[in-house]
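Everything below concerns the one structure shown next.
What follows draws every value from the coordinates through simple rules; no lab data is involved. Values in this document were obtained by computation on a predicted structure and should not be read as measured data. Cβ placement follows ideal geometry from the backbone for every residue including glycine, while neighbour counts extend to all protein chains displayed.
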Amino acid sequence: MIELQDIKKGFADKEILKGVSAVMESGKVNLIIGASGSGKTVMMKCIVGLMGVGSGKILYDNQDFTAMDDKEKKVVRQEIGMLFQGSALFDSMTVEQNVMFPLDMFGKGTLRDKKKRVAECLERVQLMEAAKKFPAEISGGMKKRVGIARAIVLNPKYLFCDEPNSGLDPQTSLLIDKLITELTKEYNITTVINTHDMNTVMESGDHIVYMYQGQKQWEGSNKDIIFSKDQKLNDFIFASEFLREAKEMRQLDIFKDNKWRDQLKNKEGNASGK
Amino acid sequence: MEFKFFYHFGNFLLMLKGMFSRPENMKMYWKQFMQQCVDIGVGSFGIVFIISLFMGGVTTLQTAYQLVSPIIPKSTIAQVVRDTIILEFAPTLTCIVLAGVIGSKIASELGNMRISEQIDALEIMGINTKGYLIAPKIMGAVLMIPVLVAIAGFLGIWGGKEAGVLSGIISEEQFMQGLRQEFKAYNVFFAMAKSYTFGFIIASVSAYYGYNVTGGALEIGKASTTAVVVSCVLILFMDYALTAILL
């Protein structure tokens, strides 16, 4: 579990994060969504420690990450896997070597054990056939999958994904989302995804934090979004006429189902409170 | 301008300080160091071979052109060629060229790693990126550049002899006799002292500019150019300073 307590961060005279608090639970896909410039990338960089925070605390399983020295941070970081927007694969290494790299650096065991683990991870992302290829020789979707394999090879407790679907076609995006969701549940990982992709929001969002101008504007699950009355969130999620109609149809579908009627009343009550 | 100088100098020192930490895995660091030695040493040998030969040849021809007095023995040409190459051409000229070859490679490699978030990926894994990426480059350069300078010295003198003999300016015996006249081993020490200093400048300055790139592809090119220019200026400055101090 990762807990953010009143995180503030600014550059020069501009305040980017204005006191954000949230809890990212383990075994769940936690999404940070928001328009460009809303502070979600800065927030993710603060959480993983690529940027320091101005004030506030970040707790990894109740350990204060912001108060740790470099040595202690290193230990926590070895439990973190991250998938970058551009995959950040090492150009001079093959797919197999990229996935092997964290094991070579930190892993214990024989070369055979390491190779076995790499094979498992590549199998998991269905990329065994590309093991000997270089990053320049594979597609964008494959690069993302290699990035995922590299991120999970050390069995991380925390997985961060920065816009995992950017530049991918819808089908590949769904594949990546499915993979991340499955891995999260399978290994009980605390997954945090920074995304713009509405498919990801609706399909994988166990817990969603909507950022607006450096503040947490809304928080809930993908089911709550359907009933949310937050205008800013609705304008962001259901930006087109098509999506607005789709939302209404979805609400009607749920409304018709008697099982959902009571639940809907509760949701409306909760959503209006947020 | 002053402010920028101190800003860069302070950041440069912090970068050097950041390199010193216990390696996460000594074997991986060693592998990286050996890779850098191969890249810097073997990768630059071709250009060093070519410039050294021509540098020696031209020095012989130009010295002969200026020594027209019949009372000066021909062997003096070899003596002048030897000392010019050992004292100045082999360390300084070679390192100026290496600043372009190695410096731009280091700056663009690290710049590209920074832009494509590969350095961030290493940081996230808990690796000291300054220690893993920069320290092996500096150590590789400090080890291999003096070797290249020594090779450049030998090749330069050999090229000078060949140019002199082939053009009929001086016989092989006269040249070999001149090489042995009043040889000072201290000159070799001086050349090595310069090459260690220049090797450090080339790798560390280029790594500094590459590591701190922000922006996109255009900035990688700019960082690469700045790294080469600053390295060359510092090499020339230190060349003067070391000559004034050590000779």
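Data overview
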{"read-out": "Vicinal HN-Hα couplings computed from phi for the range A:107-117 (Karplus, 6.51 cos²θ - 1.76 cosθ + 1.60; Hz; Gly/Pro x)", "value": "x, 9, x, 7, 4, 4, 4, 5, 4, 5, 5"}
{"read-out": "Cα-based Lys proximity count in the range B:72-246, under 29 Å, for pairs eight or more positions apart or on separate chains", "value": "14"}
{"read-out": "In the range B:161-241, the chymotrypsin sites (Phe, Trp or Tyr not before Pro) that fall in loop regions by DSSP, at most 14 other Cβ within 10 Å", "value": "B:Phe183"}
{"read-out": "Cα-based helix-to-principal-axis angle, B:2-18 vs chain B, degrees rounded to 10", "value": "80 degrees"}
{"read-out": "Sequence-distant aspartates and glutamates (8 or more away, or on other chains) whose Cα lies within less than 20 Å of B:Lys4", "value": "B:Glu219"}
{"read-out": "Selected from B:Ser204, B:Ala150, B:Ala223, residue furthest toward positive end of dipole (the range B:72-246; charges at beta carbon)", "value": "B:Ala150"}
{"read-out": "For residues of B:122-133, the mean tally of beta carbons on other chains within 10 Å", "value": "5"}
{"read-out": "Principal-axis tilt of helix A:95-106 within chain A, Cα atoms, nearest 10 degrees", "value": "80 degrees"}
{"read-out": "Separation of the A:Glu15 and A:Glu79 label points, Cα + 7 Å toward Cβ, nm", "value": "3.2 nm"}
{"read-out": "Kirkwood-type radius of the range A:130-199, with distances r between different C-alpha atoms, in Å", "value": "12.7 Å"}
{"read-out": "Taking all pairs of distinct alpha-carbon atoms in the range B:72-246, Kirkwood radius in angstrom", "value": "17.7 Å"}
{"read-out": "For the range A:59-106 versus the range B:43-57, the gap between their alpha-carbon centres in whole angstrom", "value": "43 Å"}
{"read-out": "Reachable aspartates and glutamates, given that their alpha-carbon falls under 14 Å from the alpha-carbon of A:Lys232 and they are not under 8 places away in the same chain", "value": "A:Glu219"}
{"read-out": "Whole-Hz ³J(HN,Hα) from phi, Karplus 6.51 cos²θ - 1.76 cosθ + 1.60, for the range A:171-176, glycine and proline x", "value": "5, 5, 4, 4, 4, 5"}
{"read-out": "Unsatisfied cross-links (Cα-Cα over 21 Å) in the set A:Lys57/A:Lys216; A:Lys73/A:Lys115; A:Lys28/A:Lys115", "value": "A:Lys73/A:Lys115; A:Lys28/A:Lys115"}
{"read-out": "Chain A: projected area of the alpha-carbon convex hull, averaged over directions, in nm²", "value": "16.2 nm²"}
{"read-out": "Inter-part distance where the range A:137-191 and the range B:82-105 are each reduced to a Cα centre, Å", "value": "48 Å"}
{"read-out": "Whole-number Å³ per residue for the convex hull built on Cα positions in the protein assembly as shown", "value": "191 Å³"}
{"read-out": "With Cα atoms, 0 to 90° folded angle of helix B:75-84 axis to chain B main axis", "value": "10 degrees"}
